[in-house]
Amino acid sequence: MTHAISRAAAVLSGAAALAIALPAFAKPTIGSVTPVTASAGVAVTLSASVQSAAPIQSCNLYVDLEDVGAMTVAGGVASRSYIFPYGGSRIAFVFCRDTGGGIAAGPNTAIWVTGPLQNQPPLSQPTPEPEPEPAPEPVPAVRRLIKLACAEGAAVDDPCRAVYYVGRDGKRHAFPNSRVFFTWYENFDAVQEVTLTELASYMLGGNVTYRPGSRMVKFTTLNKVYAIERDGTLRWVKTEDVARALYGDDWNTKIDDIADVFYTDYTFGPDIDLASEYNVTNQLDSNLTID
């Protein structure tokens, strides 16, 4: 903890920290992952288009928000062979760096994987039954939390553990981690279990970002600490004195690191030079819901 506090203080104190040259982030442009269907246990080559003003340095494939390895980049396409171990609706995207310091993540892509779900045996062929009268198409319920039901003994990395927020746009939005989730909710009491069919019926949207006012954040490779506003807008807190005025003497315990892969989930607003330019209480009170 002492090391973390010292590191956080170093970010904000002194002209030397403020004078660090930061990359310009003329970021790469990355397409959606293809194909959008696969079979469990069968290797599939997942790829996405990639281009940037500077040569691409590296690209990595992410499945269910976890890095599954480096990709081969050739002819403006990043690709990697991957085997989905079990079926279900999965999330995939590509994260790239270029030699100019630019970083970017492509859009979340929903991939439908046929095959048995994790910790569940293959289904036997059901006995045909008469088809019921079609029911009216339900109107999707929005502004709620959903997830799949987990089978007994489901692993911690089972896709059934993922919680999504269904926004007013009718899309499901993933929480990158539990730290983001708990800035919006105290517990999982509001989470509703849905069928795989219903889950897959919602298109994937962007990831949920931190609740404004809840924490300050920094990216793992950047020496800047930010306060958060609506829709993932980040504002650079320029000095330690401002951070202390906003978040108290223990301000340096209220900073979360964000992995570079989620850099493009956020946008950037004007710097905070004075504590009067940002009000923590107002930010919390005016952002009670995600959208």
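Rule-based calculations on the coordinates, nothing more; no lab input. Note that the structure is predicted; figures quoted are calculated from it, not measured. Quick reminder, even Gly has a Cβ in these numbers, built from the backbone with ideal geometry, and neighbours come from all protein chains shown.
Descriptive notes on the structure:
- Mean-position separation - Cα centroids, region 46-80 and region 197-225, in angstrom: 21 Å
- Evaluating 6.51 cos²θ - 1.76 cosθ + 1.60 at θ = phi - 60° for every residue in region 236-252, the Karplus couplings come out as 5, 7, 7, 9, 5, 4, 5, 4, 5, 5, 7, 10, x, 5, 9, 3, 6 Hz, glycine and proline recorded as x.
- Relative to the Cα centre, the charge distribution of region 128-279, modelled as +1 at Lys and Arg Cβ and -1 at Asp and Glu Cβ, gives a dipole magnitude of about 480 debye.
- The residues Arg172, Arg211, when put in order of fewest to most other Cβ atoms within 10 Å, stand as Arg211, Arg172.
- Couplings for region 257-270, taken from phi via the Karplus curve 6.51 cos²θ - 1.76 cosθ + 1.60 with θ = phi - 60°, read 7, 10, 4, 4, 4, 9, 4, 7, 6, 10, 10, 10, x, x Hz in order; Gly and Pro are left as x.
- Neighbour counts of other Cβ atoms within 10 Å put Thr239, Thr209 in the fewest-to-most order Thr239, Thr209.
- Amide H within-cut-off set for Gly213, under 5 Å, with H built and near neighbours excluded: Ile228
- Unit charges at the beta carbon, dipole of region 172-248: most positive-side option, Ala190, Leu204, Val242: Val242
- When the listed pairs Lys171/Lys254; Lys27/Lys238; Lys218/Lys238 are checked against a 19 Å cut-off, the alpha-carbon distance exceeds it for Lys171/Lys254; Lys27/Lys238.
- Cα-based reach from Lys147 at 16 Å (exclusive), listing aspartates and glutamates while leaving out same-chain residues under 8 positions away: Asp64, Asp157, Asp158, Asp189, Glu193, Glu198
- Once backbone amide H atoms are built at 1.01 Å from N, Arg144 has Val166 as its partners under 5 Å, excluding neighbours fewer than 5 places away on the same chain.
- Cα→Cβ-extended label distance, 7 Å offset, between Arg168 and Ser32, nm: 2.5 nm
- Separation of the Asn177 and Leu274 label points, Cα + 7 Å toward Cβ, nm: 3.5 nm
- Counted by neighbouring Cβ atoms within 10 Å, the residues Asp260, Asp249 run from fewest to most as Asp249, Asp260.
- A cut-off under 9 angstrom between Cβ atoms defines the neighbours of Val242, and their net charge, with Lys, Arg +1 and Asp, Glu -1, is -2.
- Label-to-label distance for Tyr185 and Thr267 is 2.7 nm, based on points extended 7 Å past Cα in the beta-carbon direction.
- Structural descriptor for region 31-114: relative contact order 38 percent, calculated from alpha carbon pairs under 8 angstrom and at least 6 residues apart.
- Normalised contact order of region 144-201, rounded percent, pairs of Cα under 8 Å and 6 or more residues apart: 45 percent
- Cα gyration tensor shape of region 144-201, rounded if a/c is under 1.5, else prolate or oblate by comparing a/b with b/c: oblate
- Here the gap between Gln192 and Asn282, fully extended at 0.36 nm per residue and compared with their Cα-Cα distance, gives a gain of 29.4 nm.
- Between Asn223 and Thr253, full extension at 0.36 nm per residue minus the direct alpha carbon distance yields a gain of 9.2 nm.
- Rounded to whole Hz, the Karplus (6.51, -1.76, 1.60) HN-Hα couplings of region 162-169, x for glycine and proline: 5, 10, 10, 9, 8, x, 5, 7
- Anisotropy class of region 208-291 from Cα gyration tensor, a/c 1.5 cut: oblate
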